Amino acid sequence: MSDDPGLHDPAQEPAEADPAAPEHERVRTGVPRVDEVIVAVEELEDRPVEEHVGVFETAHEQLRQALDAPDDAPDDPA
């Protein structure tokens, strides 16, 4: 590859998205507590990077609680 800025290299252009492909398939588990965590993580793309760590830490804690809870326990302990 040449460093000449006047030369056009098509390999350096971003690939075009397939218009027939779905933009993003959302994952859902059917478990409300888990699905709420998934939605929060999906919404990270709209939030500043500085907030990502806190969202992931909260998601981790909520998923641990969901896994540790007995199947017959209510979703809301309050």
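The values are calculated or read from the model by the stated rules, or taken from the named source; none is laboratory data. Since the model is a prediction, treat every value here as computed from it, not as a measurement.
Assorted remarks:
- When we screen 74, 19 for residues that are within 22 Å of the chain's Cα centre (by Cα), at pLDDT below 65 and in a loop (DSSP other than H, G, I, E, B), the only hit is 19.
- Filtering the range 27-71 to residues that are modelled with pLDDT of 80 or more and outside any helix (DSSP H, G or I) leaves 27, 28, 29, 30, 31, 47, 48, 69.
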